[in-house]
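The values are calculated or read from the model by the stated rules, or taken from the named source; none is laboratory data. This one's a predicted model, so the numbers in the text were calculated from it and none came from an experiment. No Cβ is skipped: glycine too gets one built from the backbone with ideal geometry, and neighbour counts run over all protein chains shown.
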Amino acid sequence: METSAPLDANPGELALAPRPDHVPKDRVIDFDVYQSPPAGMCPQRMWFEMQANAKHPVMWTPRNGGHWIAMTPELTESVLSEWDTFSTKVVMVPREPMGETYSKYLPLPLDPPNHFEFRRILNGNLGAKSIARMTEDVEELTAALIESFRARGRCNFTTEFAEQLPVRIFMRVVDLPEEDLPKLKYLADQFTRPDGSITHPEVERQFSEYIGPVIRARRGKEGTDLITEMMNGKIFDRPITDEEAENMCIQVLIAGLDTVVNLLGFIFSYLATNADLRRKLASDPSLLEDAIPEFLRRFPLVSNAREVAKDTEFGGVKLKARDMIMGSTILVAMSEDSNDDALEFRLERPKRHFYIFGKGIHVCPGAPLARLELKIILREWLARIPEFRLVEGEGLSYLSGIVSAVSPFELEWDV
Ligand code: HEM
């Protein structure tokens, strides 16, 4: 059963899907992944509460075309990693128009063995060894950006820092000019948290219009940036086509432009409001070794979906081929089955269960870059601005979506 949304509809405008016959009444909840949490509640708490109140391990919501949601860490893991049952052909709700449009962007919609051929190109360029070579660049950019506003005693953390740094670093990885940043960031955001300002086909058209000439100009050229390596890469011993390269570039841009920015928002807003932790980390940077995995556990942000590939019994209910099911990385870490006192930030935990970077063959190839950035940013910021707080009177508000976020916020400090 599907909604017949017009192609240019934005998710929030979709009508509620009628409950299909195979969805039992007691499996229905009202959950809209694009609906921001109540004032002051972070998306991780929202998932925590939804899971705590779920009556069954798999629930169904009529929002966004109607889809299932895995409610336990084990089932979420299955959804994300069992690719022959839960296909990545469509990874976003609603299926139309976003999910089906997004399914062009490689390598996410591919299964083995095709997936590996494309993934190999990314693994080489974004792998730990290549990324380690960027250390000095990242350190320099980080220090320079912090120094650009330090003496002022205040900054808009989101727009002046978090949206600048990872994105500038990323623009170096792909060797694209910094002045194109605002346009690309805007387009990437429309995939993960559409704001209704532009239709989906238009986002797609603008992305393609931008990246098409760039990739064609790099084929056969020398260079170590990701796009040139992609253009010179081989898929089963044949050259990658322009169309494939374009679709892989767009995937990397969407995945790389939004995620680190938002993770930083969660971490720094938390540090601004938790003086004990902030002081501990500033006075003993070696504690970052424990703090970083705990930040990654406490602030997962991606909630992707899958298309059910075949009729399947799952979590005590029958799923039908072509149903959509969401597997949220947030839910995994926020489950009390995975982590005691899951909402608590704890420097020391005997074990942590989380996969902010996903699970299975599609696990994030950008993870080494994200980890390097996080380590350097925390170290350089705390060394330069150890004491900081939210600007007085400013409350935090959060956005939910395929990638969750903290709304822009300002920080201040004494100079
Ligand atoms: C904190 C930062 C990041 C987080 C939390 C994150 C999270 C994720 C997750 C959960 C997935 C799996 C999605 C799924 O299974 O449906 C994924 C895949 C992916 N990510 Fe990331 N990501 C981050 C940074 C990056 C960066 C910096 C890049 C690029 C430079 C990137 C590129 C990709 C790509 C291309 C895929 C698809 C991989 C495939 O299909 O094999 N990500 N990411």
Fill in the blank from the handout: T224 fails exactly one of (1) in contact with a Leu (Cβ under 7 Å, 6 or more places away or on another chain); (2) not in a helix (DSSP H, G or I), namely (1)
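Residues checked against (1) aliphatic (A, V, I, L, M); (2) in contact with a His (Cβ under 9 Å, 6 or more places away or on another chain):
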| position | (1), (2) |
| --- | --- |
| T101 | no, yes |
| D111 | no, no |
| E117 | no, no |
| S130 | no, no |
| M134 | yes, no |
| V138 | yes, no |
Handout entry: Residue pairs meeting the criteria (Cβ under 6 Å; at least 6 apart or on separate chains; first within 15 Å of F409 (Cβ to Cβ), in segment 375-393; second among the charged types (D, E, K, R) and surrounded by 15 or more Cβ atoms within 10 Å (Cβ to Cβ))
Key = V391/E410; V391/E412
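Within segment 242-332, which strands (runs of 3 or more DSSP E) (wholly inside it) include 2 or more residues that are of a type outside the set (D, E, K, R) and within 16 Å of the ligand (Cβ to nearest atom)?
Where strands (runs of 3 or more DSSP E) fall fully within segment 242-332 and carry at least 2 residues being of a type outside the set (D, E, K, R) and within 16 Å of the ligand (Cβ to nearest atom), they are 303-308, 324-328.
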Fill in the blank from the handout: The helices (runs of 4 or more DSSP H) lying entirely within segment 122-187 that contain at least 1 residues which are in contact (Cβ under 8 Å) with a residue 60 or more places away in the chain, over 23 Å from V403 (Cβ atoms) and among the charged types (D, E, K, R) are 135-150
Practice task
Taking the residues in segment 130-170 that are more than 21 Å from the chain's Cα centre (by Cα) and of a type in the set (S, T, Y) as candidates, determine which candidate is farthest from V252 (Cα to Cα).
Solution key: S148
Exercise for the section: Would you mind finding the one in W83, W68 that is among the aromatic types (F, W, Y), farther than 30 Å from R218 by Cβ, within 15 Å of the ligand (Cβ to nearest atom) and not in a helix (DSSP H, G or I)? Expected result: W83
Practice task
Taking only segment 102-116 into account, find how many residues are touching a residue at least 24 places away in the same chain (Cβ under 8 Å) and either in contact with a Leu (Cβ under 6 Å, 6 or more places away or on another chain) or buried (at least 18 other Cβ atoms within 10 Å of the Cβ) (or both).
Solution key: 6
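Taking the conditions exactly as written (modelled with pLDDT under 90, surrounded by fewer than 17 Cβ atoms within 10 Å (Cβ to Cβ) and within 18 Å of the chain's Cα centre (by Cα)), does D195 satisfy them or not?
In short, yes.
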